[in-house]
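**Q** Shown below is the structure under consideration.
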Amino acid sequence: MPVIKEIYRFLLFTCCLICLSCGGSRAGDEDSLRIVPAGWERVAFPPPGIEIGEAASFEILNDPSQGQVLSVGQWQAGLWGARFQGKERLPLIRGTITGYYRAEDIDTNAAAVWVRYYKDKKYIHAETLSLPPASEWTSFSLVSRRPPPGTDAAYLAVGLRRHTNGTVFFAGLEFSPDVPEIAFPADPGDPNRPEPPHGFEPSKYFRLAQRDGVWWFVTPEGNALYSVGTDGPWIEVSKAVSRGAPVAALLQRHGFNTLGGWTGVRGWSVANSALLADGKMPMLQMTAMETGTWWGEFDHVLDHRGEPQNRGHAFPDPFDPRFEEAYRRSVQEHVKPVKGKPWLIGWFADNELQHDDLHGYVYSPHCAVEFRRFLEKRYGTIDALNSAWGTDFFHFREITDRKPDVSASSESMQSDARDFAREIVKRYIEITLRVFREEDPGRLVFGNRFMFGDFDYIDLYAAYDGIAINLYPDNDEPGLSDDEIAVLNEAYAWTGKPIVIGEWSVPALDSGLYDAPDKLDWSFPQTVPTQSDRARQAACIALDFYNLPFIVGAHWFTWRDFDSEKRRANRGLLTADDKPYADLLEALKHVHEKMGPAVSYPRATP
């Protein structure tokens, strides 16, 4: 055995030297994955004035069955995760990490494993494996197969990606140079969803119905329909007739029946009217609001420092009366060109609002007043609150004057803040749903399009007609992973409402859009090698969505690739210069044909 071990050491060292000469990392100590205090660094990013140890708990413990284990959690304060990161480089930049984990009081998508890539000691990107809840020791495997160009080092990290009161434990961490290839099938198989049912009554607008445990859209003509969509190009009103017809023909020829959330209603209203007048099929449409980007018209929620969540997905302050006014103006603007049109399926109330950590953002002016009233009603006296919180306030007004960080304080304070955050969401839902009901009565309204896994408070969104989720698959196996399907099942179980996938797509490396390591798009870890792989995987995923009985539609993101100084990403049905990806479109056409009448839309009347 000692001789064999020495031979293995020599071969591994030689392999690592070869890898280094080709852009790989240097060989690490053979013990680099061992769980010893000197080998791991605690990483977290707490707010100013909060130490790492106060924001998150990190321990190395001895488990009777596993030996030394890494323990992370609770994590209550800060951004970008709480994790143990190995101090030594992984032996190679490509390989497979295996190990075991178990979790206590962890929600879906809270725990994770990362391989983090660096060039010249600068972080470039990461490959991430989200871990489902597991009360017993459970194995995991993360394949590091996509090191960004220029990568010279890779490090392992384990821990939490979302705030939680729970704890996750890791043990038995090992590295293997094996990188199994993914074989995407040429044919995704046949649907197992039942044929679309018949016998629905006609109605003015689209509606939703469940038959034999399967959800469907129901067209105004009374036919069951599954929405196959993509974000179409925005078209100017003056060019709508000439521009809309060829786009609609291309999409319909490949089995698409719907324009997704980021397609302008004004131009396409003109285009659809022209299509109908010419005896052709219109493009169905669903359109999204996006209040997280509306700045200056009303307040967004703020933390104890007066900072918003972010500039792209910040939750609005629904207690600010200007919010309802601004929301109504936007809804009226969107409704006007499609008022009474039978081809509009419905609306998305919003897009990717950030719910994670919402309880730490209660101090925007109007929200803070409501938070104080909430606490006064809950506790009655300031002495009762002080006893629960361990504070020394003289009056409830001091809470909103001094603005304690409720996300990194006592358990009682955090619990109260989380309960109040539910009131924020309830108020937001009440306003947005009421405005749509008043401005476009009878039309379907889906809730905010959730970022996949950001499902805090998703149960409250059952008030809408349906749920919307944006899901970009990991593409580490053909079709959706078991974990991705499990999360979708959980979302349905929490709400009982049908789901539309508001955004999904598959990118490929050979597009040439991921060759600049300093400009890598966030989509890079989800890339497949070639456009052929991309087409095959897209067909597998489209079929997987269709086979889930609570999914009523899935919309590709987006019409054309991004290729600019700001963003480069292979997300389009077309290249950035409008050349169709023939393999992709043909593969999707083939799977849409398998869905048959479920995706066909008979011509509506003008």
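Values quoted throughout were computed directly from the atomic coordinates according to the rules given, and no laboratory measurement underlies them. Note that the structure is predicted; figures quoted are calculated from it, not measured. Glycine also receives a Cβ, built like all others from the backbone with ideal geometry; neighbour counts cover every protein chain displayed.
**Q** How many angstrom lie between the Cα centre of segment 418-449 and the Cα centre of segment 141-218?
**A** Each part reduced to its Cα centre gives a spacing of 28 Å.
**Q** Which value in nm describes the separation of the simple spin-label points at N386 and D278, placed 7 Å from the Cα toward the beta carbon?
**A** Placing both labels 7 Å along Cα→Cβ, they lie 7.5 nm apart.
**Q** Quick check: the distance between the Cα centres of segment 327-368 and segment 570-590, to the nearest angstrom?
**A** 31
**Q** How high is the relative contact order of segment 103-188, in percent, counting Cα pairs under 8 Å that sit 6 or more residues apart?
**A** Numbers: 128 pairs, mean separation 33.2, N = 86.
It rounds to 39 percent for segment 103-188.
**Q** Which is farthest toward the positive dipole end of segment 289-454 among L433, F393, F315, measuring Cα position about the Cα centre, with Cβ charges +1 (Lys, Arg) and -1 (Asp, Glu)?
**A** Result: L433, furthest along the dipole toward the positive end.
**Q** Also, quick follow-up: Using a Förster distance of 35 Å, how high is the FRET efficiency between A249 and T138, based on the Cβ-Cβ distance and rounded to 0.05?
**A** Working from the Cβ atoms, E equals 0.10.
**Q** For the modelled label position 7 Å from the Cα of R373 along Cα-to-Cβ, which residues of segment 391-409 have backbone nitrogen atoms closer than 16 Å?
**A** 396-397, 400
**Q** Restricting to the chain, compute how many DSSP beta bridges are antiparallel as a %, nearest 5.
**A** In the chain, DSSP labels about 70 percent of beta bridges as antiparallel.
**Q** Then there's this: Would you mind giving the three semi-axes, in whole Å and largest first, of the ellipsoid equivalent to segment 476-522 according to its Cα gyration tensor? List each step's numbers first, then the result.
**A** Details: eigenvalues 193, 30, 19 Å².
In descending order, the three semi-axes are 31, 12, 10 Å.
**Q** Any idea what the relative contact order of segment 113-261 is, in percent, if you count C-alpha pairs under 8 Å spaced at least 6 apart?
**A** For segment 113-261, the relative contact order is 15 percent.
**Q** For the chain, report the convex hull volume of the alpha-carbon atoms normalised per residue, in Å³, without decimals.
**A** Roughly 170 Å³ of hull volume per residue.
**Q** In whole Å, largest first, what are the principal axis extents of the Cα atoms in segment 289-454?
**A** 59, 28, 26
**Q** Moving on to the next point. Which value, in debye to the nearest 20, describes the size of the charge dipole of the chain about its Cα centre when Lys and Arg Cβ atoms bear +1, Asp and Glu Cβ atoms bear -1, and nothing else is charged?
**A** Once rounded to the nearest 20, the dipole reads 1520 debye.
**Q** By a straight-distance test (C-alpha under 21 Å), which lysines pair with K336 as possible cross-link partners, with residues fewer than eight away in the same chain excluded?
**A** Hits, sequence-local ones excluded: K204, K239.
**Q** Report the charge-dipole magnitude of segment 78-192 in Debye, nearest 20, computed about the Cα centre from +1 at each Lys and Arg Cβ and -1 at each Asp and Glu Cβ.
**A** So the magnitude is around 680 debye.
**Q** Over segment 129-204, what number does the Rg to Rh ratio reach, with both radii from the alpha-carbon atoms and Rh per Kirkwood?
**A** Expressed as Rg/Rh, it is 1.18.
**Q** Give the cross-link partners of K121 among the aspartates and glutamates, using a straight C-alpha distance below 20 Å as the criterion and excluding same-chain residues fewer than 8 apart.
**A** Qualifying aspartates and glutamates at Cα under 20 Å: D29, E41, E88, D152, D515, D518, D521.
**Q** Using the beta-carbon distance between R34 and W522 and R0 = 30 Å, what value does 1/(1 + (r/R0)^6) give for FRET efficiency, to the nearest 0.05?
**A** 0.40
**Q** For segment 511-560 and segment 236-289, what is the separation of their Cα centres, given in Å?
**A** If you average the Cα positions of each part, the centres end up 23 Å apart.
**Q** Report the extension gain between E41 and W295 in nm, rounded to one decimal, defined as 0.36 nm multiplied by the number of residues separating them, less their alpha carbon distance.
**A** Details: separation 254, 0.36 × 254 = 91.44 nm, distance 3.86 nm.
Result: 87.6 nm gained on full extension.
**Q** Can you tell me the convex hull volume per residue for segment 154-266, based on C-alpha atoms, in Å³ to the nearest whole number?
**A** Measuring per residue, one finds 310 Å³ for the Cα hull of segment 154-266.
**Q** Work out, step by step, the length gained on full extension between W494 and R434: first 0.36 nm times the residue separation, then minus their alpha carbon distance; give nm to one decimal.
**A** Extra length from W494 to R434 when fully extended: 19.4 nm.
**Q** Same structure, new question: Tell me the mean residue ellipticity at 222 nm calculated for the chain from its helices only (DSSP H runs of n ≥ 4, each -39500 (n - 2.57), averaged over every residue, nearest 500). Numbers along the way, then the final one.
**A** On the way: 12 runs with 169 residues, N = 606.
Mean residue ellipticity at 222 nm (helix-derived): -9000 deg cm²/dmol.
**Q** Given 0.36 nm per residue, what is the gain on full extension from Q68 to E236 after removing their alpha carbon distance, in nm?
**A** Residue separation times 0.36 nm, minus the Cα-Cα distance, leaves 54.2 nm.
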